[in-house]
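Beneath this line is the structure, given in structure tokens, with notes to follow.
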Amino acid sequence: MAYRRPIVAGNWKLNGSRQSSRALAVAIVDGLAGIDLGPARLGGESPPLEVLLCPPFVYLAELADLLAVSQLRLGAQDVAAEDVGAFTGEVAAAMLREVGCRYVITGHSERRALFGDTDEKVAGKVLAALRAGLSPILCVGETRSERDAGHTLTVVRRQLDVVLAALDSGRVSASERRLISVAYEPVWAIGTGLSPTPAEAQAVHADIRATVGRRDATMAFDLRVLYGGSVKASNAKDLFAMQDIDGGLIGGAALLAGEFVSICKAAAS
Ligand code: 13P
């Protein structure tokens, strides 16, 4: 993990209120006060970690103001594939950027399973994020039955390949590709307390890097591949010690300031 600067992202999903979101963000900022989370430095040693919070859409603008005095960054949980028009209920990438987001989660398994996000739709969302200068976090991962059938790598490669092909056909530049991260989130590990062993997760992460590398070796080398699915303070360090695990996408534990801060510290050390 040492070469690539890790990211720890808190995905708050559909939780909290205006007041509790503010309180959680303040507690996390306070808990991370001693850690340098500033921008990467050219020609010098960069700070050890990037941390971002992904609250529900309606709290983004308010948390952007609150986080402006900190070094934490803000991400959204989803984005429209379209830039503008008659798409009731959607939020465009440029709008997210305008209110202070730097990141956006795309293709989360809950969006794929519950809201009809196909691989092609997810690819459209990644491209839309890049058009607005946002950093997409592309989620991939297999279900329990896919895993049991031995199809983990086939599923993850397919999910990646559709996006990689869209990057090629959209002639996405090398500098834009550097904005992309991948999150490996086995669906069976999300919110269940179950997780792969660090070695099992590492094997999938290495395959993700190899899959990207078959199309674009430079992108693969720099790509940050986060792990998500029942990450807690107690298992974070062992996961983050793996060579191809470059941080985490955290759900339940991101709603508990103490847990989330401990996970961040595990990634920073
Ligand atoms: P949990 O950490 O609650 O398992 O959720 C993971 C996740 O879905 C993050 O996006």
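So here's what we get for this one:
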{"read-out": "Square roots of five times the Cα gyration tensor eigenvalues for the chain, Å", "value": "24, 22, 19"}
{"read-out": "Residue-span extension gain [TYR3 to ASN15] - 0.36 nm each, minus C-alpha spacing", "value": "0.9 nm"}
{"read-out": "Using alpha carbons only: equivalent-ellipsoid semi-axes of segment 10-145, gyration tensor based, whole Å", "value": "26, 18, 16"}
{"read-out": "Set of lysines with alpha-carbon distance to LYS237 below 23 Å, sequence-local pairs under 8 removed", "value": "LYS265"}
{"read-out": "Quotient of C-alpha Rg and 2.2 N^0.38 Å, computed over segment 164-269", "value": "1.13"}
{"read-out": "Cα gyration tensor category, rounded, prolate or oblate, for segment 184-237 with a/c compared to 1.5", "value": "prolate"}
{"read-out": "Inter-label distance for LEU194 and LEU153, nm, one decimal - labels placed 7 Å from Cα along Cα-to-Cβ", "value": "2.2 nm"}
{"read-out": "Average accessible surface area per residue within the chain, 1.4 Å rolling probe, Å²", "value": "44 Å²"}
{"read-out": "Calculated log₁₀ intensity ratio I(q)/I(0) where the Debye formula runs over C-alpha points of segment 57-126, q = 0.15, 0.20, 0.28 Å⁻¹", "value": "-0.51, -0.84, -1.27"}
{"read-out": "Segment 113-247, relative contact order [Cα under 8 Å, separation at least 6], %", "value": "25 percent"}
{"read-out": "q = 0.18, 0.22, 0.23, 0.27 Å⁻¹: log10 I(q)/I(0) that the Debye formula gives for segment 40-98, counting C-alpha atoms only", "value": "-0.73, -0.91, -0.95, -1.11"}
{"read-out": "Nearby lysines by direct alpha-carbon distance to LYS125 (threshold 28 angstrom, same-chain neighbours under 8 apart not counted)", "value": "LYS13"}
{"read-out": "Surface share of carbon and sulfur [accessible, 1.4 angstrom probe, percent] for the chain", "value": "56 percent"}
{"read-out": "P(r), alpha carbons of segment 121-178 - 5 Å bins starting at zero, rounded %", "value": "4, 18, 26, 20, 13, 10, 7, 2"}
{"read-out": "Reference-scaled alpha-carbon Rg (2.2 N^0.38 Å with N residues) for segment 76-178", "value": "1.10"}
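The values are calculated or read from the model by the stated rules, or taken from the named source; none is laboratory data. Just so it is clear, the model here is predicted, and its values are computed rather than measured. For neighbour counting, all protein chains shown are included, and Cβ atoms are generated from backbone atoms with ideal geometry for every residue, glycine included. When the accessible area is computed, the model is the full protein with side chains, heavy atoms only, and any ligands, DNA or RNA have been set aside. Shrake-Rupley method; radii C 1.70, N 1.55, O 1.52, S 1.80 Å.
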